[in-house]
1. Work out the charge dipole of the chain with +1 on the Cβ of Lys and Arg and -1 on the Cβ of Asp and Glu about the Cα centre, then indicate which of Val143, Ile125, Gln111 is farthest towards its positive end.
2. Cβ neighbours within 10 Å, averaged per peptide: list 25-38, 139-152 in order, most packed at the top.
3. Karplus couplings for the range 74-84 from phi (6.51 cos²θ - 1.76 cosθ + 1.60, θ = phi - 60°), rounded to Hz, Gly and Pro as x?
4. Taking 0.36 nm per residue of sequence separation and subtracting the Cα-Cα distance, how much length would be gained by fully extending the chain between Arg101 and Val24, in nm to one decimal?
5. In debye, nearest 20: dipole of the chain around its Cα centre with unit charges on the Cβ of K, R (+) and D, E (-)?
6. Dividing the Cα convex hull volume of the range 16-86 by residue count, how many Å³ per residue is that?
7. Over all alpha-carbon pairs in the chain, figure out the percentage whose distance exceeds 22 Å.
8. Tell me, what is the FRET efficiency for Leu147 and Ser92 to the nearest 0.05, using R0 = 25 angstrom and their Cβ-Cβ distance as r?
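Each value in this text was obtained by applying a stated rule to the coordinates, not by laboratory testing. Nothing here was measured: the structure is a model prediction, and the numbers come from that model. Cβ placement follows ideal geometry from the backbone for every residue including glycine, while neighbour counts extend to all protein chains displayed.
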Amino acid sequence: MHKYPANARRHYERLKRFPEGLLVMGDALCSFNPTYAQGMTVASLEGLALRDALRAPATSTPLWRRYFRAAARAVDLPWSLVTGGDSSYPESNWSQPLAARLTGRYFTMVQRTAVHDGAVFAMFIKVQNLVEPPAAFFKPAFVLRVLRVARQQLPQPPPAGAVARAT
Ligand SMILES: Cc1cc2nc3c(=O)[nH]c(=O)nc-3n(C[C@H](O)[C@H](O)[C@H](O)COP(=O)(O)OP(=O)(O)OC[C@H]3O[C@@H](n4cnc5c(N)ncnc54)[C@H](O)[C@@H]3O)c2cc1C
């Protein structure tokens, strides 16, 4: 069991000024609900963003701004996956736009069918671990496979949050 108060993201890329000689990365930049197991992957992506910012030819844009912008791009996708997943908990006070809610419902369907189908499971793990982009979930052959498996009588999962509360 672990206790985790909230996902937390800090937008240093939006600052107008930043102290020379300092940078922020890892959980200090963005920390996620550990259940999704993405913190170290994202910290590594931020490391690559820093490497690229250091290698790029010098411009009038200071290093910190180039780095924080690139790091923010690395954080965007896992942030939406994690906060989208967490928003399905009844305790969440975050109401998502309709498109995000529909996408979330489809992702839940992918997750449920992954328990019953090896190919769906493999793709789910790849997307979850940032090896494949979420767009892979929307390839026609994959969508058809998910729908085909979902049409079978799958056992209903408990409502989101019920297991955590019971624990
Ligand atoms: C329960 C749990 C499970 C997780 N499971 C996974 C997983 O399966 N996969 C995954 O990718 N990520 C996972 N994570 C997330 C991952 O651990 C973090 O994203 C990652 O450790 C962040 O690295 P970091 O260097 O930013 O911070 P940290 O690893 O927290 O390092 C910060 C360090 O700074 C030190 N420190 C703090 N304050 C001071 C101070 N004032 N002076 C000096 N030192 C200080 C701390 O002692 C610590 O050693 C999990 C996290 C938790 C809590």
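1. Positive-end residue among those listed: Val143.
2. Numbers: 25-38: 17.3, 139-152: 13.0.
Packing proxy ranking, top to bottom: 25-38, 139-152.
3. Karplus-based 3J(HN,Hα) across the range 74-84 equals 5, 7, 3, 5, x, 4, 6, 5, 6, 5, x Hz.
4. Using 0.36 nm per residue and subtracting the Cα-Cα distance, I get 24.5 nm.
5. Numbers: 21 positive and 10 negative charges, 67 e Å.
Using only the charged Cβ atoms, the result is roughly 320 debye.
6. About 89 Å³ per residue, rounded to a whole number.
7. Details: 7371 of 13861 pairs.
Here the tail beyond 22 Å accounts for 53 percent of pairs.
8. In this case the efficiency is close to 0.35.
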